[in-house]
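Laboratory data are not the source of any read-out in this text; all were calculated from the coordinates shown. Just so it is clear, the model here is predicted, and its values are computed rather than measured. Glycine gets a Cβ as well: all are built from the backbone with ideal geometry, and neighbour counts include every protein chain shown.
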Amino acid sequence: MKYLKIPMDRVAILIGHNGETKNEIEQRSGLKINIDSKLGEVVIDDHEIEDPLIVIKIENIVKAIGRGFSPQNAYRLFNDDSDFFIFDLYDYVGKKPSHIRRLKSRIIGREGKTKRVLEELTDSNISIYGHTISIISDINRINILKKSIDMLLTGSKHATVYRYVENQIRELRMEERYGF
């Protein structure tokens, strides 16, 4: 059994309209999920499962939905080539609301530009929710995205971060194309 807790305002999204999201996760994974809609607690029943990796995938999907992703974006995590990561802004600036707001603003950018550019360059999804920034990306690009978000959170200029991401993606494409 795996026990998770998600924010109360995300429970309805995890369940879905008429239980659609919960049912889809159960069907695709073969696992039973129990959701306590009063407490935000989720129990994943992992008895009699052959593939232990599916339990980790479902755990990440539940966490992703709890951190603000739509179910459709969270379903990317069914793919073996996708991964999920959460930045806790408390680790960067403590719990002062004005500092948290400032860091979230750095990632969002003016009119959402920074978030949009990072998502497009890395073919990833970014969710900013509460005091966390979460990412879903393929395993080849997730480290580029993690480094770029860390650079922004630690004060690097946006232009520097964009240049870093563009160079890293260019190198990755060269490796994929030519094998070096």
Difference of contour (0.36 nm per residue) and Cα-Cα distance, Ile139 to Arg173: 10.9 nm
0 to 90° range, to nearest 10: angle between helix 97-108 axis and the chain longest Cα axis: 70 degrees
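Between Lys146 and His17, what FRET efficiency comes out of the Förster formula 1/(1 + (r/R0)^6) with R0 = 30 Å and r the beta carbon distance, rounded to 0.05? Intermediate values should be presented prior to the final figure.
On the way: r = 33 Å, r/R0 = 1.11.
For His17 and Lys146, the calculated efficiency is 0.35.
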Förster radius 35 Å - calculated FRET efficiency between His47 and Ile108, Cβ distance, rounded to 0.05: 0.25
Cα long-axis angle, helix 113-122 against the chain (0 to 90 degrees, to the nearest 10): 80 degrees
Helix axis angle, 158-178 relative to the chain longest principal axis, alpha carbon, degrees: 70 degrees
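Treating the beta-carbon of each Lys and Arg as +1 and of each Asp and Glu as -1, no other charges, what is the dipole magnitude of the chain about its Cα centre, to the nearest 20 debye?
About 1300 debye.
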Calculated FRET efficiency for the pair Glu24/Asp123, C-beta based, R₀ 25 Å, to 0.05: 0.60
Sorted largest first, extent of region 82-178 alpha carbons per principal axis (Å): 48, 26, 21
Region 68-129-region 1-38 distance, computed between alpha-carbon centres (Å): 22 Å
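If you take the Cα atoms of the chain, find Rg, then find the Kirkwood Rh from the mean of 1/r over all pairs, what is Rg/Rh?
The Rg/Rh ratio comes out at 1.01.
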Share of alpha-carbon pairs per 10 Å distance bin for region 6-102, given as whole %: 15, 44, 29, 11, 1
